[in-house]
Amino acid sequence: MAHYAFIDDNNIVTEVIVGKDEDDLVEGVTDWETHYGDFREQTCLRTSYNTLGGVHYTDGEPSDDQTKAFRFNYAGIGYTYDEGRDAFIPPKPFESWVLDEDTCLYVAPVALPDDADTVMYHWDEDAGEWVVVPDEAE
């Protein structure tokens, strides 16, 4: 099973569907992107379900076969397709965040604190910093 993203005239993803694998061709179909796009009269692009930041994952670990990692990120509604990078880029979460050119993901201008694996933080855009999420039990 493969996944396909439909994009509008502004290269914004409007829908993601499950479709046929590229090699599951039938008579008269040379590729599914074109087939689905022609059927809907909208641009259709394959998106890689287990791909994030340019890496394809299997069971939460980087896959041995990275040929499945294309278009950098699994598309979602509201993502932008960047034709020059051939990448799906998520919406910018905060004005201060910048696009990481290597992953096509937005990152905070300040790195998460070292203890972020044990302490929960959220981004405070006004302060421009990571803030500890209060423990509800306290």
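The values are calculated or read from the model by the stated rules, or taken from the named source; none is laboratory data. Source: prediction; values computed, not measured. Neighbour counts run over all protein chains shown; Cβ positions are idealised from the backbone, glycine included. Accessible surface areas use protein heavy atoms only, side chains included; no ligands, DNA or RNA. Shrake-Rupley method; radii C 1.70, N 1.55, O 1.52, S 1.80 Å.
I need a count of the residues in region 3-34 that are surrounded by 15 or more Cβ atoms within 10 Å (Cβ to Cβ) and in a loop (DSSP other than H, G, I, E, B).
2
Would you check if there is a residue in region 114-129 being surrounded by 10 or more Cβ atoms within 10 Å (Cβ to Cβ), under 30 Å from T43 (Cβ atoms) and out of contact with any Asp or Glu (no Cβ under 8 Å at 6 or more places or on another chain)?
Looking for residues that are surrounded by 10 or more Cβ atoms within 10 Å (Cβ to Cβ), under 30 Å from T43 (Cβ atoms) and out of contact with any Asp or Glu (no Cβ under 8 Å at 6 or more places or on another chain), one finds none in region 114-129, hence no.
With the condition kept exactly as written, say whether any residue in region 35-43 is open to solvent by 50 Å² or more (accessible area, probe 1.4 Å), free of Cβ contacts under 8 Å to residues at least 40 places away in the same chain and touching a Gly at 6+ places or on another chain (Cβ under 8 Å).
Yes.
Are any residues in region 1-59 over 23 Å from Y106 (Cα atoms) and small (G, A, S), and if so, which ones?
Those that are over 23 Å from Y106 (Cα atoms) and small (G, A, S): A2, G19, G28, G37.
Which is assigned to a loop (DSSP other than H, G, I, E, B), crowded, with 16+ Cβ neighbours inside 10 Å and charged (D, E, K, R), of R85, R71? It would help to see each step written out before you state the result.
Details: R85 fails: crowded, with 16+ Cβ neighbours inside 10 Å.
R71 is the lone residue from the list that is assigned to a loop (DSSP other than H, G, I, E, B), crowded, with 16+ Cβ neighbours inside 10 Å and charged (D, E, K, R).
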